[in-house]
Amino acid sequence: MQIRKIQATGGSSYIVTLPKEWITENGLKKNDPVRMSRTSDGGLTIFPASVVKDSLVNVKVIDIDGIDSEALLFRMLLGAYISGYGQIEVRSSGRLRSGMVDVATKFIETAIGVEIVEESSDRIVMKDLVDPGEMKFPRTVERMKVLVRNMLSDVMDMLETNDSSKAESIESRDREVDRIEWFISRQTNMTVRDTSTIRKIGVEPLDIYRNYTVSRTLERIGDHAVIMAKHTSFLTGRDDLESVRLSIVRTGRQVIELFLRSVGAWVKVNLVEANEIVEEAAKLSKVCNDQNKNVSGLSKEITMTVNMIMGSLSRISEYSADISELAINAAMSR
């Protein structure tokens, strides 16, 4: 880091000289324009006007010669997307195999805002067409919360009504939760690659990290909803297990309520409410674990199923405490 003195030129103007090395590296000369933007931490960013600081010019080229795994290509595309690249190119020295083209198609159906803009026999170009400023962090996190809440509620409804027909729709919504979490991860990485993105998103840098952390937690809670949904089929369709199901439902509804309160405390940065939730989460997690121990007189398969479901509910309680602790941290940083 260099320290330079501010010089006054008279009137209301001030001058700071720029490092010669930076001028040379960027091919600048006298009277060339530069772009300046203020950062939220009080800093000032300067870069050549000829350089378009936009995620759409950040290109990632993936050469698939030697790549035989379609699963690997999908993970590479997803990794480039999450890293914040605005343009992703898939290239081959020969003709692209149909399986690889299918992977690219599947990827754009999965990633938010990505479209194929060019396609030939040996090359596919995908671009992110979403303006980062169009999708705000609070809005996307709220969308995740609603999806996860509905997933959890459907699990309890299936147990309560003795009907596991909603399991497939829960998995579908989980895929949507994943898509949003990937998008938030992408936005977070874009702010690292280009600080001007912070202004477009309209969130402070520290809040960007907190939103990212909460989105990761919501995604994990969604995964637990899927786990529970898959195990409901072992408990539904049997009248003799009604008391078992309803016992899970009673605890499950409490966990859902705690989860919703934790997100509410995080959104409102409510220190008192968040602290209460942390303490309640520990007690509720213990209730879930104790309920596991009290399962008796059931088959091994049913016992394992109840343990899996109650284990997920216990973990969701703990995740709710994690979200509340983030709310406390946010309150203390103000």
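The values are calculated or read from the model by the stated rules, or taken from the named source; none is laboratory data. Owing to the predicted nature of the structure, the values given are computational and were not obtained by experimental measurement. Please note: Cβ atoms are built from the backbone with ideal geometry, for glycine as well, and neighbour counts cover all protein chains shown.
Quick check on the range 129-139. Is at least one of its residues under 28 Å from residue 179 (Cα atoms), modelled with pLDDT of 95 or more and buried (at least 17 other Cβ atoms within 10 Å of the Cβ)?
There is no residue in the range 129-139 that is under 28 Å from residue 179 (Cα atoms), modelled with pLDDT of 95 or more and buried (at least 17 other Cβ atoms within 10 Å of the Cβ).
Quick check on the range 150-163. Is at least one of its residues in contact with a helix residue (DSSP H, G or I) (Cβ under 9 Å, 6 or more places away or on another chain) and small (Gly, Ala, Ser)?
There is at least one residue in the range 150-163 that is in contact with a helix residue (DSSP H, G or I) (Cβ under 9 Å, 6 or more places away or on another chain) and small (Gly, Ala, Ser).
Only one of these is surrounded by fewer than 18 Cβ atoms within 10 Å (Cβ to Cβ) and either over 21 Å from residue 236 (Cβ atoms) or not polar (S, T, N, Q) (or both): 304, 310. Name it.
304
Assess whether residue 324 counts as being within 25 Å of residue 266 (Cα to Cα), in contact with a Phe, Trp or Tyr (Cβ under 8 Å, 6 or more places away or on another chain), at pLDDT 90 or above and assigned to a helix (DSSP H, G or I).
Here the answer is yes, as residue 324 does meet what is asked.
Please go through the range 20-40 and give me each residue that is farther than 17 Å from residue 194 by Cα and either exposed (fewer than 13 other Cβ atoms within 10 Å of the Cβ) or more than 37 Å from the chain's Cα centre (by Cα) (or both), ordered by number.
Correct list: 20, 21, 23, 24, 25, 27, 28, 29, 30, 31, 32, 33.
Take the range 41-63 and flag every residue that is acidic (Asp, Glu), at pLDDT below 85 and surrounded by 11 or more Cβ atoms within 10 Å (Cβ to Cβ).
Matches in the range 41-63: 54 only.
So residue 277 passes all but one of these: (1) out of contact with any Lys or Arg (no Cβ under 7 Å at 6 or more places or on another chain); (2) farther than 20 Å from residue 151 by Cα; (3) surrounded by 15 or more Cβ atoms within 10 Å (Cβ to Cβ). Which condition number does it fail?
Just one mismatch for residue 277, condition (1).
Among the residues of the range 173-186, is any modelled with pLDDT of 95 or more, under 24 Å from residue 254 (Cβ atoms), hydrophobic (A, V, I, L, M, F, W, C) and out of contact with any helix residue (DSSP H, G or I) (no Cβ under 6 Å at 6 or more places or on another chain)?
The answer is no, given that none of the residues of the range 173-186 is modelled with pLDDT of 95 or more, under 24 Å from residue 254 (Cβ atoms), hydrophobic (A, V, I, L, M, F, W, C) and out of contact with any helix residue (DSSP H, G or I) (no Cβ under 6 Å at 6 or more places or on another chain).
Those residues that are assigned to a helix (DSSP H, G or I) and farther than 17 Å from residue 182 by Cα, I need them from the range 87-104; list them, please.
98, 99, 100, 101, 102, 103
For residue 220, indicate whether it is surrounded by fewer than 19 Cβ atoms within 10 Å (Cβ to Cβ), in contact (Cβ under 8 Å) with a residue 60 or more places away in the chain, assigned by TED's automatic domain parsing to the domain that holds residue 149 and under 24 Å from the mean Cα position of the chain (by Cα).
It is true that residue 220 is surrounded by fewer than 19 Cβ atoms within 10 Å (Cβ to Cβ), in contact (Cβ under 8 Å) with a residue 60 or more places away in the chain, assigned by TED's automatic domain parsing to the domain that holds residue 149 and under 24 Å from the mean Cα position of the chain (by Cα).
Contact list please: Cβ distance under 6 Å, first residue in the range 292-311 and in the same structural domain as residue 249 (by TED's automatic domain parsing), second residue crowded, with 16+ Cβ neighbours inside 10 Å and not in a helix (DSSP H, G or I), pairs at least six apart or on different chains.
Listed pairs, sorted by first residue: 303/295; 305/234; 306/295.
Please state which one of 258, 271, 284 is assigned by TED's automatic domain parsing to the domain that holds residue 156 and surrounded by fewer than 19 Cβ atoms within 10 Å (Cβ to Cβ).
Being assigned by TED's automatic domain parsing to the domain that holds residue 156 and surrounded by fewer than 19 Cβ atoms within 10 Å (Cβ to Cβ) holds for just one of 258, 271, 284, which is 271.
Would you tally the residues in the range 216-262 being part of a loop (DSSP other than H, G, I, E, B) and among the small types (Gly, Ala, Ser)?
2
Provide a single number: the residues in the range 105-132 that are in a strand (DSSP E or B) and either in contact (Cβ under 8 Å) with a residue 24 or more places away in the chain or assigned by TED's automatic domain parsing to the domain that holds residue 174 (or both).
Residues meeting the conditions: 7.
Just one of the numbered conditions (1) touching a residue at least 24 places away in the same chain (Cβ under 8 Å); (2) over 15 Å from the mean Cα position of the chain (by Cα) is not true of residue 138; which one?
The one condition residue 138 does not meet is (2).
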